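A.B. asks: I have a structure here, written as structure tokens, and I will follow up with some questions on it.
The values are calculated or read from the model by the stated rules, or taken from the named source; none is laboratory data. Source: prediction; values computed, not measured. Quick reminder, even Gly has a Cβ in these numbers, built from the backbone with ideal geometry, and neighbours come from all protein chains shown.
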């Protein structure tokens, strides 16, 4: 029998280059993810391969190098910047004699730490159970043993079957609770629609500054920090603009490369604030050297959740930081039809935020032309 070793804080990071263009950026994100999870990366083991090894993912020679790094750095955790199969995870832990975590499990752990609301905790638990269920398929050999017991399980039922049954039962309960919360959100959305209120959702790559911008617009005091996935729970506030009336703005969870499919499915109830929005503000970290790749990833996820066709405005944030290429100044850019397509600003300093308010006003009037007529009557 092999019992999984417990993890610790000192982690060895492992990243293999399979020839993808975004390897360096993905490695940088792995380090940020580890720190965001409260871990201490002690060293990084790099390698190149054409394809993953079926048994150990990294191959026996590279795994031996990782084992030496674990011993020399007194690490008690190994994090792979890839998604491991249950069999690969088990084989690595047997070989390395320490806890092995893949990128998916690391992101799930961060989500578990960050979730504060009841709904957020339910969504994270559902995603964790979805991930755990795959680990039970061929993960641990001792679970396949029959373990009968009075009042515990049916005759001849294995521990593996018991765990699967309990997980399935809990998943059903979680989905029912989330469905109830989802129906409550739908009632709130219908109420806003009847009142001709324009709904706006902030979307973007994690750590792009969405929550800071949300606070600048609404003065809500939402938690904002320079870390990945600082925001998980959707926060919604009303703002009033002189020429547009009331708008409802929602701050949503950020996206990242290789965001686990289970997480997207679990957070679908929250992301429905994005799906049903009248306007999306796609917040971009303009100081990032990989902003174009981040934009593409966000657009991919938006397409996956059915929000690709919703009108959007790019918000190039963090212009106060040193950016790639020429320096950016606050302002607005319009498309060939005269609509505002991009706003350049700094949510931290407030420079350019007024331009975003102008963009929101124009978008609200475009959605509800009656707003402009009512505003003119009020002025008269």
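A.B. asks: Please pick out the residue among 268, 257, 237, 170 that is assigned by TED's automatic domain parsing to the domain that holds residue 350, touching a helix residue (DSSP H, G or I) at 6+ places or on another chain (Cβ under 9 Å), at pLDDT 70 or above and more than 23 Å from residue 313 (Cβ to Cβ).
C.D. replies: Result of the check over 268, 257, 237, 170: 257.
A.B. asks: Give me the residue from segment 95-114 that is part of a helix (DSSP H, G or I) and touching a strand residue (DSSP E or B) at 6+ places or on another chain (Cβ under 8 Å) and, out of that set, farthest from residue 29 (Cα to Cα).
C.D. replies: Within segment 95-114, the first condition is being part of a helix (DSSP H, G or I), and the residues that meet it are 95-96, 103-114.
From the residues that got through so far, the ones that are touching a strand residue (DSSP E or B) at 6+ places or on another chain (Cβ under 8 Å) too are 96, 103, 106, 109.
Details: 96: 24, 103: 10, 106: 12, 109: 15 Å.
The selected residue is 96.
A.B. asks: Does residue 185 count as at pLDDT below 75 and not assigned by TED's automatic domain parsing to the domain that holds residue 297?
C.D. replies: Values: at pLDDT below 75: yes; not assigned by TED's automatic domain parsing to the domain that holds residue 297: yes.
For residue 185, the condition - at pLDDT below 75 and not assigned by TED's automatic domain parsing to the domain that holds residue 297 - is met.
A.B. asks: For the condition more than 25 Å from the chain's Cα centre (by Cα), outside the structural domain of residue 22 (by TED's automatic domain parsing) and either farther than 26 Å from residue 256 by Cβ or at pLDDT 90 or above (or both), what is the one hit in 371, 310, 319? Don't jump to the end; show me each part of the working.
C.D. replies: Values: 310 fails: more than 25 Å from the chain's Cα centre (by Cα); 319 fails: more than 25 Å from the chain's Cα centre (by Cα).
Sole residue among the options that is more than 25 Å from the chain's Cα centre (by Cα), outside the structural domain of residue 22 (by TED's automatic domain parsing) and either farther than 26 Å from residue 256 by Cβ or at pLDDT 90 or above (or both): 371.
Table: residues versus (1) without any contact (Cβ under 8 Å) to a residue 40 or more places away in the chain; (2) in contact with a helix residue (DSSP H, G or I) (Cβ under 8 Å, 6 or more places away or on another chain); (3) part of a loop (DSSP other than H, G, I, E, B); (4) not assigned by TED's automatic domain parsing to the domain that holds residue 133.
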{"residue": "27", "(1), (2), (3), (4)": "no, no, no, yes"}
{"residue": "35", "(1), (2), (3), (4)": "no, no, no, yes"}
{"residue": "45", "(1), (2), (3), (4)": "yes, yes, no, yes"}
{"residue": "61", "(1), (2), (3), (4)": "yes, no, no, yes"}
{"residue": "69", "(1), (2), (3), (4)": "no, no, no, yes"}
{"residue": "75", "(1), (2), (3), (4)": "no, yes, yes, yes"}
{"residue": "89", "(1), (2), (3), (4)": "no, yes, no, yes"}
{"residue": "93", "(1), (2), (3), (4)": "no, no, no, yes"}
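A.B. asks: Does any residue of segment 329-343 turn out to be under 21 Å from residue 252 (Cβ atoms), outside the structural domain of residue 121 (by TED's automatic domain parsing), at pLDDT 90 or above and surrounded by 21 or more Cβ atoms within 10 Å (Cβ to Cβ)?
C.D. replies: Yes, segment 329-343 contains at least one residue that is under 21 Å from residue 252 (Cβ atoms), outside the structural domain of residue 121 (by TED's automatic domain parsing), at pLDDT 90 or above and surrounded by 21 or more Cβ atoms within 10 Å (Cβ to Cβ).
A.B. asks: What is the number of the single condition among (1) modelled with pLDDT of 80 or more; (2) buried (at least 22 other Cβ atoms within 10 Å of the Cβ) that residue 288 does not meet?
C.D. replies: Here residue 288 meets the rest and fails (2).
A.B. asks: If residue 208 satisfies all but one of (1) modelled with pLDDT under 75; (2) assigned to a loop (DSSP other than H, G, I, E, B), what's the number of the condition it fails?
C.D. replies: So residue 208 meets the others, but not (1).
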